[in-house]
Each structure stands twice: as C-alpha cells, then as structure tokens.
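K.L.:
Just passing along the structure, written as structure tokens.
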Amino acid sequence: MNDNRDLSFQWNRRKINDVILYALIYICASLSVVILVGIIAYVFIRGVGSVNIGFLTSVTSVLKGTVGIAGNIVNTVLIIFLTMILATPIGVGAAIYLNEYAKPGKLVSLIEFATETLSGIPSIIFGLFGMMFFGQTLGMGYSLITGSLTLILMVLPLITRNTQEALKTVPDGYRQGAVGLGAGKWHTIRTILLPCSMPGIITGVILAIGRIVGESAALLFTAGSAKALPKTLTGIFSKIFESGGTMTVQLYLSATSEGDFDTAFAIAVVLLILVFLINIGTKKLTKKYDVTREK
Amino acid sequence: MMETAKIKVKKLNLYYGDNHALKDIDIKIRPKAVTAFIGPSGCGKSTFLKTLNRMNDLVENVKIEGEVLLDEKDIYAPGVDTTILRKKVGMVFQQPNPFPMSIYDNIAYGPRIHGIKDKRKLDEIVEESLRGAAIFDEVKDRLKKNALGLSGGQQQRICIARALAVCPEVLLMDEPTSALDPISTSKIEDLMEDLKKKYTVVIVTHNMQQAVRVADDTAFFLLGELIEFRETKLLFSYPQDKRTEDYITGRFG
Ligand SMILES: Nc1ncnc2c1ncn2[C@@H]1O[C@H](COP(=O)(O)OP(=O)(O)OP(=O)(O)O)[C@@H](O)[C@H]1O
Ligand SMILES: [Mg+2]
C-alpha cells in the first residue's frame, strides 16, 4: 500500500489544536513569570531603600532612634540552628529505620501515613500545641527553645520523607554488592546508602530551613517577638531560654500592630535575598554531593 | 571425578514461603575448577548460588533445610560469622553493580571492611586485584575517577576485581556476562581460565556454549531439582538423563 499524499504542509484539525495548545501553554508560563517578577520588583522597590548596614546591625529603639533587625537576625539564626541540629539526626535516623530496619508492614505504613498527614497540618495548630505543651506544661514559656521544639515537629516529616525517597532510589545492587563483600548492615548504610542519599537529605534540610525562615504563625505563639540583641557572647546561650522573634515574625508585627511598612518591606527584601541564596546554595551542595557524578 | 570437595551440599531444601524452590540438592563442588549451573529460567540456579554464601539471608520468608559445607564446615550452623563467610565466598552479580565512588575506593571497599587501613597495602591490593581481573591497564590512569563512568564490560571486571580484593577462596558469578557485549564477554571468559588457577569458581549461565567453553563441571537444574551433574564434556556429549538431553539439544528451555 502506498501513501499517495504529497509531503507539503497542510493545515488540519490536529495541527490547529496543537497551535492553540502551545499558545495557551506559553500564555500561562509567561503569566507566572510576570507575576513572580512583579512581586519581587514591587517588594524591592518599596523596601530596598531602607536596607542598609545600620538596618542590619542595629536594634529598633525609640530611645536611640534607631531602626534595625539585628536581634531578629540573631534569633532567626539561633532558631534554625537549634531546630536543625535536633531535627536532622532524628529525621534521617527515622528514615533509615523505616527503610532499612523495620519490616515492611502495617506499622511502617501507619508511620508513613502519619508523617504525611503531619506535613499537611496548618502550622498554627503546631503553634497552639507547642505553646500549651512545651511552653506551659513543660514550663519553657515563650522562648527560642519552645519555638524550636515546635518547629522540629513541623519539619521532621520533610526531612524524613526526603531521606526516605532518596534511600528508596538507591539501587538494590549496591546493598547486595556491599553485603556480598561481608559488609554489615550499618557499615553498608554508612558507606553506601547515606552518601548516595546525600542530595536528598540536603534537599530535605534546605526545605526545612526554608519552612523555618518563612514561618510566623507557629512562632508567634511559642518563641514570642522580642527583638533585643544578646548583650554578651554568653548571652547567646541564655537567649535560647528567652523570648525572641524571627525576621518573619517581625515582618508580620511591623505590617500589622506596628504599622511600620518601611520596616516590613525592608525585612521582605532581606528575606527574599536569603531565600535566593539558600536556593543557590542547595543547587551547589546537591551537585557537590552527587556521588554518581563523574569527578 | 571427586577427589576432594571445596563445597559439599547435602539434602538442601529451600522454600520461599510456600514455594519449594530447591528440592533435595546434593552436590560436591571441586576446588580450583569452574563449575557451571545451567537450566531454564526460574529453575533455581540463582537461588542455589545464593545459598552458597548466605545471600538469601537478605530475603524475607526463606526457609532452608539441609547442609552446605565449606571445607567440611556447615555455613548455616549457629554462630557462623557471615562477614567471614562472604570474605571466603565472594560474589559477582548479573548486573554490574560498582559502587558510586572512585575505582580505587570500589576495590578497596572489601579490604577496608576486613580491617586493612594501611595506604601502601591497599595500593598493592588494588593493583593486584585489577590485574587479576584483567582491567588494570585500561583504568590505571583513572583510579580516582568514578567507576560509574566506565563501560558495562569494564564495570563488570571492576566488580570481579572488587570481589578478588578480599582474597576469596570461592567466587560465585550469577550470569556475569548476560548484560555484556560479545567482546567484553570473551574477555571475562578468558579471565575465568586464570581465575580457576587460584579460586574455586561457580558460574550461572544461560548460554550453553559458554558452559562448554569455561566450565570443567556442569550441573543441570530443572524445576528446583538437580537433574544431572558431571564433567562438562561428558554432560554435553553423553547426557544420562532424557531431560538433560532435551534441554541441551534445545527441545525446551
Ligand atoms: N526473593 C524471592 N522471593 C520469592 N520467590 C523467589 C525469590 N527469588 C526467586 N524466587 C522464586 O524461586 C524460583 C527460582 O528462582 P531463581 O531466581 O533462582 O531462578 P533462576 O534459575 O536463577 O532463573 P533465571 O535463569 O531466570 O535467573 C522461581 O520460581 C522464583 O520465582
Ligand atoms: Mg537467575
């Protein structure tokens, strides 16, 4: 059977549909870019004028007449540090247990289901729980540690799930190869599985840090909003048990109760730059730790 | 044909849950020789190979009865250290599975497990093992490069070198060439000639020509049973069992 049609291009229904579809896709794609760029531009235009060295290194004070977020920056760093230093080992450990040790079955599916549900719960509920349990029942009050403990509950699922996904993609051949050479389970995990999962673990950790940086509701209830800087170096440690607001919390307060939109937008600029840097850092790190890459 | 046996298997039965995968296997494997397992897909060749260094321990729900004696010692006896067992009985898999690390670290992986830390000693082992697997010249200038950047055939020889690096006594190979091109395959077949001078080699293969080329003894499996086990030449020229004859003449399988 020969096909007698000649090869010259002819419009037909299918081709017209294709063109329409492409047009729609392009419109949607450009729209999302325009919106994103628009928001960023707007925030920068409103806020960038107030961002300067003084803003980053001083504390807002009516007496001294200064406006600054140094205290909030320190609080943010402390909260990230405290949260991640506990959440990372617990989250990674849980993932290793679920994937490598626990027998697949009801209990594992239940835990996985619970983790998934946990990551869908609105953060304000975590805040409420953290305030009542850590703050009141355990008597830690409004403090960075109360905030961190609350945030750990929030970010654990992120780390555990990303680590688990990464562990699942490690080919079984690697496990068999290692065991076939006499490696024990833990040795295999340490020398093969964890290095292979590093990009996934880093992704989880970065997503968690992103979540912490962006969090306000859960922290208002738990860590409070104090903006003072620790007076001494050792003050940083005692600060852990005192109230302290992160940048995002301060942004919320500046834009609402304090009605200081200049500060709010300036913080927004700082946060945007931070998020941007975190993204670049993630790309660099995951690439660096990609063991499959030819070096 | 049996003077001494490196591995003796007595009345071995293996069950995957309800699936009776190996039935009453009795076999004696000669030292410093190549033994091939042939048989149609699903007859239990891989399963049997894995019982020889207890890789089945990784599978859930396996039940094993009978004895597997390595140098007269039962490897399923209580108190056997599988780390030492697997050092003595190494394994090469069907799919080349080099670890995602440098060629050097791949080869040094086994020796490091068994406590060798000295850099000079490791250098020596790495070179010796790579030579033993006939791949040293191809990779000597890129030992620090990721092993995943090698071709499939090279990767498989890296895996053989990795298995040799722990100085095994027995080398189990599960269809080591089925994922490889003809040139890599013949390189590995040539290699087996050398390997059997030092090691007891057991190889699973689907390729009967390969069994004829490399194996001193051949065992034919069918549906979990060991049907016939003789010198390769004899098995292929004068099969004693009708089923063996049907299989090697290509009447089924
Ligand atoms: N992990 C496992 N769990 C349950 N059953 C298994 C498992 N591995 C193998 N089996 C079953 O045991 C039987 C023997 O399988 P095995 O892999 O040993 O066959 P084989 O001879 O190696 O086949 P092939 O030539 O296709 O590799 C098959 O019926 C298979 O379905
Ligand atoms: Mg098989």
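K.L.:
Quick check on packing: order A:270-277, A:89-96, B:144-151 by the mean number of other C-beta atoms within 10 Å, highest mean leading.
P.N.:
On the way: A:270-277: 15.1, A:89-96: 19.2, B:144-151: 17.2.
Most protected by this proxy first, the peptides run A:89-96, B:144-151, A:270-277.
K.L.:
Could you grab the relative contact order for chain B? Cα pairs under 8 Å, six or more apart, rounded to a whole percent.
P.N.:
Working: 478 pairs, mean separation 68.6, N = 253.
Relative CO of chain B lands at 27 percent.
K.L.:
Can I ask one more? Can you give me the convex hull volume of the Cα atoms of chain B, divided per residue and expressed in Å³? Please list the in-between numbers first.
P.N.:
Working: hull volume 32.0 nm³, N = 253.
Taking the convex hull of the Cα positions in chain B, it is 126 Å³ per residue.
K.L.:
How do A:W186, A:W11 rank when sorted from fewest to most other Cβ atoms within 10 Å of their own Cβ?
P.N.:
With the fewest neighbours first, A:W186, A:W11 line up as A:W11, A:W186.
K.L.:
What 222 nm value per residue comes from the helices of chain B, counting each DSSP H run with n ≥ 4 as -39,500 (n - 2.57) and dividing by all residues, nearest 500 deg cm²/dmol?
P.N.:
Working: 10 runs with 93 residues, N = 253.
Calculated from helices alone, the mean residue ellipticity at 222 nm is -10500 deg cm²/dmol.
K.L.:
Mean-square fluctuation check for chain B, GNM, Cα pairs under 10 Å: which of B:E124, B:E189, B:E67 is largest?
P.N.:
Per the Cα network of chain B with a 10 Å cutoff, B:E124 tops the list.
K.L.:
Still on this structure, please answer the following. Would you mind pulling out the separation of the Cα centroids of region B:130-193 and region B:1-69, in Å?
P.N.:
25
K.L.:
Summing +1 for each Lys or Arg and -1 for each Asp or Glu, what net charge is found among the other residues whose Cβ lies under 14 Å from the Cβ of B:D137? If you can, show how the numbers build up before the last one.
P.N.:
Numbers: positive: B:R131, B:K140, B:R142, B:R157, B:K187; negative: B:E127, B:E128, B:E138, B:D141.
Taking every Cβ under 14 Å from that of B:D137, the sum is +1.
K.L.:
Under 37 °C and 0.692 mPa s, how fast does region A:2-50 diffuse according to Stokes-Einstein, given a Kirkwood radius computed over C-alpha pairs? Answer in µm²/s, whole number. Don't skip to the answer; put the middle values down first.
P.N.:
Working: Rh = 14.6 Å.
D = 225 µm²/s.
K.L.:
Which value at 222 nm does chain A reach when only helices count, each DSSP H run of 4 or more adding -39,500 (n - 2.57), with the total divided by all residues and rounded to the nearest 500 deg cm²/dmol? Walk me through the numbers on the way to the answer.
P.N.:
Details: 13 runs with 195 residues, N = 295.
Per the formula, -21500 deg cm²/dmol.
K.L.:
Right, something else. Could you work out the Rg to Rh ratio of the protein assembly as shown, with Rh taken as the Kirkwood radius (inverse of the mean 1/r over all Cα pairs)? Walk me through the numbers before you get to the answer.
P.N.:
Working: Rg = 32.2 Å, Rh = 28.5 Å.
Using only Cα positions, Rg/Rh for the protein assembly as shown is 1.13.
K.L.:
If the elastic network links every pair of Cα atoms under 10 Å, which of A:F221, A:F265, A:F237 fluctuates the most in the Gaussian network model of chain A?
P.N.:
Taking springs between Cα atoms under 10 Å, the residue moving most is A:F237.
K.L.:
May I ask for the distance between the Cα centers of region A:1-22 and region A:112-157, given as a whole number of Å?
P.N.:
Result: 59 Å between the Cα centres.
K.L.:
Then there is this: Which one, A:R13, A:R161, A:R190, has the greatest fluctuation when you compute a Gaussian network model over chain A with C-alpha springs under 10 angstrom?
P.N.:
The residue with the greatest mean-square fluctuation here is A:R13.
K.L.:
Sticking with this structure for a sec: Based on DSSP H assignment, which helices of chain A show an axial Cα extent of at least 24 Å together with a mean Kyte-Doolittle hydropathy greater than or equal to -1.0?
P.N.:
Values: long enough: A:13-47 (51 Å, 1.49); A:70-96 (38 Å, 1.89); A:144-168 (35 Å, 0.94); A:194-214 (29 Å, 1.61); A:261-288 (40 Å, 1.37).
Result, helices passing both filters: A:13-47, A:70-96, A:144-168, A:194-214, A:261-288.
K.L.:
Also, quick follow-up: What size of dipole, in debye to the nearest 20, comes out for region A:53-294 about its Cα centre when the only charges are +1 on Lys and Arg C-beta atoms and -1 on Asp and Glu C-beta atoms? Spell out each step's value before the answer.
P.N.:
Details: 17 positive and 12 negative charges, 121 e Å.
Roughly 580 debye for region A:53-294.
K.L.:
Do any trypsin sites (Lys or Arg not before Pro) in region B:165-249 lie in a DSSP loop with no more than 16 other beta carbon atoms within 10 Å, and if so, which? Walk me through the intermediate numbers first.
P.N.:
On the way: sites: B:K187, B:K196, B:K197, B:K198, B:R213, B:R230, B:K233, B:K242, B:R243; in loops: none.
Here no loop site has a sparse enough neighbourhood.
Bear in mind that the values in this text are calculations on the coordinates, not laboratory data. Quick caveat, the model's predicted, so the values are computed rather than measured. Don't worry about glycine lacking a Cβ; one is built from the backbone with ideal geometry, like all the others, and counts go over all protein chains shown.
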